Amino acid sequence: MSENPNGVAQLAEEFEDCRRILLALGDENRQHLILEMMRMDQCGGVRVGAITERSHLSRPAVSHHVRILKDAGLLNVRREGTKNYYYFDADTQAMDRLIRMLLHAKAIMEQLPDRSGDQY
């Protein structure tokens with residue numbers, strides 16, 4: 001295969017663009033929080049206290065993880081007075097970027113020579 005430096009350079013930019021969501025999704029605690037929020041099925045959003053009750057984490061730890069998920073573009077917040085309700089971003093732009101990046105990486109990998117028969 002002739003190396004496609006433009007494709008790899010573009011993939012590097014896509015990795016950079018997806019870094020926050022990759023870090024957010026890569027943490028086991030945040031994965032647990034995402035699943036628990038989905039199980040709660042609250043369209044109007046969920047408060048940190050309710051999430052804390054369904055996890056093994058402290059309230060400050062849940063707040064920290066929720067902030068990372070929000071910064072990654074996975075959650076939004078709705079404010080009612082002093083109360084914050086967190087909900088999944090229906091726009092899903094961050095997830096769309098991640099999927100495009102993964103498909104691009106897969107396409108590049110599929111062009112690499114098969115080395116399954118190589119001896120190391």
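The values are calculated or read from the model by the stated rules, or taken from the named source; none is laboratory data. Being a predicted model, the structure only gives us computed values, none of them experimental. When we count neighbours, we look across all protein chains shown, and the Cβ atoms used for this are built from the backbone with ideal geometry, even at glycine. Heavy atoms of the whole protein, side chains included, go into the accessibility calculation; ligands, DNA and RNA do not. Shrake-Rupley method; radii C 1.70, N 1.55, O 1.52, S 1.80 Å.
Across the chain, what fraction of all alpha-carbon pairs, as a whole percent, falls in each successive 5 Å bin from zero upward?
The calculated distribution, bin by bin, is 2, 10, 17, 18, 14, 11, 8, 7, 6, 4, 2, 1, 0, 0.
At 1.4 Å probe radius, can you tell me the per residue accessible area of the chain in Å²?
On the way: 8360 Å² over 120 residues.
Heavy-atom SASA per residue in the chain reads 70 Å².
Using +1 on the beta carbon of Lys and Arg, -1 on that of Asp and Glu, and nothing else charged, what's the dipole of the chain about the Cα centre, debye to 20? Let's see the in-between values first.
Details: 16 positive and 18 negative charges, 157 e Å.
The calculated dipole for the chain is roughly 760 debye.
Expressed as a rounded percentage, what relative contact order does the chain have, with Cα pairs under 8 Å and six or more residues apart? List each step's numbers first, then the result.
Working: 104 pairs, mean separation 36.6, N = 120.
After rounding, I find 31 percent.
In the neighborhood of Ile68, defined by Cβ-to-Cβ distances under 11 Å, what is the net charge if each Lys or Arg adds +1 and each Asp or Glu adds -1? Could the numbers behind the result be given before it?
On the way: positive: Arg20, Arg30, Arg67, Lys70; negative: Asp27, Asp71.
Taking every Cβ under 11 Å from that of Ile68, the sum is +2.
Computing the accessible area with a 1.4 Å probe over protein heavy atoms, can you report the carbon and sulfur percentage for the chain?
The value for the chain is 51 percent carbon and sulfur by accessible area.
Rank Ser63, Leu112, Ala12 by how far each Cα sits towards the positive end of the charge dipole of the chain (+1 on Lys, Arg Cβ; -1 on Asp, Glu Cβ) and give me just the farthest.
So the residue we want is Ser63.
Using 7 Å Cα-to-Cβ label points, what is the Tyr85/Cys43 separation (nm, one decimal)?
With each label placed 7 Å out from Cα toward Cβ, I get 1.1 nm.
On a full-extension model of 0.36 nm per residue, what is the gain between Glu28 and Arg54, subtracting their alpha-carbon distance, rounded to one decimal in nm?
Extending this stretch completely gives an extra 7.9 nm.
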